[in-house]
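Undergrad: Provided herewith is a single structure, encoded as structure tokens, for subsequent inquiry.
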Amino acid sequence: MAQLWGGRFEGKTDDAVWAFNASIGFDIRLLDVDIEGSIAHAKMLGKQQIIPQEEADAIVKGLTELREEQAEDAGAYEDVHSFVEAKLIEKIGDAGKKLHTGRSRNDQVALDMRLYTREQITGMRALLLEMLRTLHALMKEHLHTCMPGFTHLQKAQPVTLAHHLGAYFEMFKRDADRCADIYERMNVCPLGSGALAGTTYPLDRDYVAALLGFDGVCDNSMDGVSDRDYLIEYLAALATVQMHLSRFAEEIILWNSDEYRFITIDDAFATGSSIMPQKKNPDIAELVRGKTGRVYGDLLSLLTTMKGLPLAYNKDMQEDKEQAFDAFDTVNESLALFTEMLKGITFHKDVMERSAVKGFTNATDAADYLVKKGVPFRDAHGIIGKLVLHCIEKNCAIDDLPLEELKTFSPQFEEDVFEAVSLKTCVEKRLTQGAPGTEAMEKVIALHERTLREIEISMIAQQSGR
Ligand code: ARG
């Protein structure tokens with residue numbers, strides 16, 4: 001047991017209590033950011049002459065060396081903060097004991113989690129960007145790949161694969177935007193909040209914030225040590241990313257099934273069965289779908305941890321770490337793997353197209369045809385409904401019927417109906433903004449070319465602002 005406190009204690013900490021209280025098992029992953037924050041704090045202590053400059057320099061040098069060393073014996077310490085301080089004192093002697101001047105573990109851990117989460121958000125934006133690039137390339141490739149669009153999982157109207165994938169582009173674009181918003185809001189430095197009430201030392205908080213790439217400092221020290229809103233926001237954003245992935249995963253699973261046969265997943269991203277030799281299962285997509293539950297759980301756990309906590313710091317907040325780390329790891333891994341899986345999928349255009357002409361996906365267009373010939377839409381809807389029923393009985397498509405037979409349902413049908421309800425027309429003529437028609441899609445694809453560049457530029461700007 002190596003601890004930072006003990007002066008006011010007469011008895012020894014119970015072993016089980018020590019183990020229950022310790023966070024080193026999971027907060028050791030904050031080691032780098034803890035050292036980064038401590039270096040900034042030490043530089044400021046020296047600059048403000050709160051400790052002698054030579055001692056501040058020795059601390060910075062010691063911490064810089066520690067960064068390169070292995071954290072082998074960390075397990076004996078209560079948390080990452082105690083570990084770093086003890087190692088520093090071991091290395092440079094008494095000067096190391098001055099590092100914690102004007103600081104508390106409460107503002108230290110608040111800083112560490114912000115630094116770590118900030119890195120995570122940047123990493124997530126890079127993963128989302130890669131997904132967007134992948135989708136964008138597929139959209140360009142499949143501008144003319146027709147497929148059925150579904151509502152209620154029933155064939156509805158024909159669309160294109162580019163259009164279908166474009167919907168996921170929009171979702172992941174919003175996810176990337178959300179990450180950028182959260183980053184901007186959370187990028188204020190809590191260090192200098194002290195335990196809860198600031199400090200009487202003449203700290204230069206702005207200097208520390210600038211060294212660490214923050215846009216400013218938090219304005220209330222009690223909030224500074226106890227705010228976890230940014231983590232809740234980020235976990236909510238991650239839960240949304242995972243929800244989007246799980247919808248996509250569900251479609252991949254369906255499309256890969258023998259019933260659909262729209263796609264084939266690359267062997268590298270599928271697994272077999274121990275008993276059924278024929279099986280090639282879409283386990284990755286299923287796991288991504290399944291892991292959504294734990295990400296939602298992480299968000300709900302953190303919200304519940306924070307519920308009813310009085311100001312300011314409470315040890316409950318130590319629980320934020322495992323919840324947050326689990327969500328970070330799960331979504332990072334899911335998104336990275338899913339994007340790679342997507343790159344290796346073979347889309348069976350012929351099957352998709354054949355599926356699009358079946359199932360009366362042109363029924364709306366047939367009704368619209370009659371409307372253009374002067375029939376009120378509601379009447380046209382009824383006529384085509386009867387026609388569909390007739391075709392179901394005859395097991396054929398609307399445009400399989402000869403014109404004379406069509407005319408028995410409405411005299412307005414003419415020779416041009418066949419062209420009007422063909423798959424090509426049904427897709428191509430849908431030209432409202434955001435629709436699957438080629439020209440409409442081309443506009444969106446060009447727009448997204450810019451979207452991708454804007455995200456790249458804003459990521460570079462955010463990085464160089466640090
Ligand atoms: N391990 C603690 C946490 O994660 C660090 C802060 C401890 N502060 C304290 N007053 N005990 O929250």
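Undergrad: So if R0 is 22 Å, what FRET efficiency would PHE377 and ILE345 give, r being the distance between their Cβ atoms, rounded to the nearest 0.05?
TA: Efficiency for this residue pair is about 0.05.
Undergrad: Also, quick follow-up: I want to check the label-to-label distance for SER464 and ARG247. Put each point 7 Å from Cα in the C-beta direction and report it in nm to one decimal.
TA: About 3.6 nm separates the two model spin labels.
Undergrad: Taking +1 at the Cβ of each Lys and Arg and -1 at the Cβ of each Asp and Glu, which of ALA42, THR339, HIS163 sits farthest along the dipole of the chain towards its positive end, judged by Cα position relative to the Cα centre?
TA: The Cα lying farthest towards the positive end belongs to HIS163.
Undergrad: So in the chain, what percent of DSSP beta bridges are antiparallel if you round to the nearest 5?
TA: That works out to approximately 75 percent antiparallel.
Undergrad: On to the next question. Under the rule a/c < 1.5 gives rounded, and otherwise a/b versus b/c splits prolate from oblate, where does segment 2-127 land using the Cα gyration tensor?
TA: Since a/c reaches 1.5 but b/c is at least a/b, the shape of segment 2-127 is classed as oblate.
Undergrad: To the nearest 500 deg cm²/dmol, what mean residue ellipticity at 222 nm is calculated for the chain from DSSP H runs of n ≥ 4 alone, each contributing -39,500 (n - 2.57), summed and divided by the residues?
TA: Computed ellipticity for the chain at 222 nm equals -20500 deg cm²/dmol.
Undergrad: Could you name the aspartates and glutamates whose alpha carbon sits less than 17 Å from that of LYS280, not counting residues in the same chain fewer than 8 places away?
TA: GLU250, GLU251, ASP258, GLU259, ASP266, ASP267
Undergrad: Follow-up question, since we're still on this one. Considering only ALA126, TYR116, GLY25, whose Cα is most displaced toward the positive end of the charge dipole of segment 24-133, charges sitting on Cβ of Lys, Arg (+1) and Asp, Glu (-1)?
TA: The one lying farthest along the dipole's positive direction is ALA126.
Undergrad: Now, a different point. Tell me the label-point distance for the pair HIS144, ASP266, using the 7 Å Cα-to-Cβ offset, in nm and rounded to one decimal.
TA: Result: 2.6 nm between the two label points.
Undergrad: Still on this structure, I have one more. Taking 7 Å along the Cα-to-C-beta vector as the label spot, tell me the ASN314-ASP177 distance in nanometres, rounded to one decimal.
TA: 3.6
Undergrad: Then there's this: Could you look at segment 309-404 and say what percent of its accessible area is carbon and sulfur, using a 1.4 Å probe and all protein chains?
TA: For segment 309-404, the apolar C and S fraction of the accessible surface comes to 54 percent.
Undergrad: Another question about this same structure. Heavy atoms only, 1.4 Å probe, whole protein assembly: order LEU300, LEU63 by accessible area, highest first.
TA: Correct descending sequence by accessible area is LEU300, LEU63.
Undergrad: Take peptides 353-365, 201-213 and line them up by average Cβ neighbours within 10 Å, highest first, as a rough protection proxy.
TA: Highest-to-lowest ranking by the protection proxy: 353-365, 201-213.
Undergrad: What's the carbon and sulfur percent of segment 1-147's accessible surface, probe 1.4 angstrom, rounded to a whole number?
TA: C and S fraction of accessible area: 51 percent.
Undergrad: What figure, in Å² to the nearest 10, do you get for the accessible area of GLU340 with a 1.4 Å probe and non-protein molecules left out?
TA: Probe radius 1.4 Å; accessible area of GLU340 about 80 Å².
Undergrad: As an exercise, use a Förster radius of 60 Å and the Cβ-Cβ distance of GLU72 and SER422 to find the FRET efficiency, rounded to the nearest 0.05.
TA: Computed FRET efficiency for GLU72 and SER422 comes out at 0.25.
Undergrad: Between THR432 and GLU322, what FRET efficiency follows from the Cβ-Cβ distance if R0 is 41 Å, with the result rounded to 0.05?
TA: That pair, THR432 with GLU322, gives E of 0.30.
Undergrad: So what does PHE9 come to for accessible area, using a 1.4 Å probe and Å² rounded to 10?
TA: That residue has around 110 Å² of solvent-accessible surface.
Undergrad: OK, next. Please report, in debye to the nearest 20, how large the charge dipole of segment 1-85 is about its Cα centre when each Lys and Arg carries +1 at its beta carbon and each Asp and Glu carries -1 there.
TA: The calculated dipole for segment 1-85 is roughly 320 debye.
Undergrad: Then there's this: Counting Lys and Arg as +1 and Asp and Glu as -1, each charge on the Cβ, what is the dipole of the chain about the Cα centre in debye, to the nearest 20?
TA: Here the chain has a charge dipole of around 820 debye.
Undergrad: Charges at C-beta only: +1 for Lys and Arg, -1 for Asp and Glu. How large is the resulting dipole of segment 340-412 about its Cα centre, in Debye rounded to 20?
TA: 140
Undergrad: Given the options MET186, PHE150, ILE89, identify the residue whose Cα lies farthest towards the positive end of the charge dipole of segment 73-198 (+1 on Cβ of Lys, Arg; -1 on Cβ of Asp, Glu).
TA: PHE150
Undergrad: On to the next question. Accessible area per residue, 1.4 Å probe, Å², for the chain: what's the number?
TA: With all protein chains present, the chain gives 48 Å² per residue.
The values are calculated or read from the model by the stated rules, or taken from the named source; none is laboratory data. Model, not experiment: these values are computed from the prediction. Here the Cβ is made from the backbone with ideal geometry for all residues, glycine too, and neighbour counts use every protein chain on show. Surface accessibility is based on the protein's heavy atoms, side chains included, excluding ligands, DNA and RNA. Shrake-Rupley method; radii C 1.70, N 1.55, O 1.52, S 1.80 Å.
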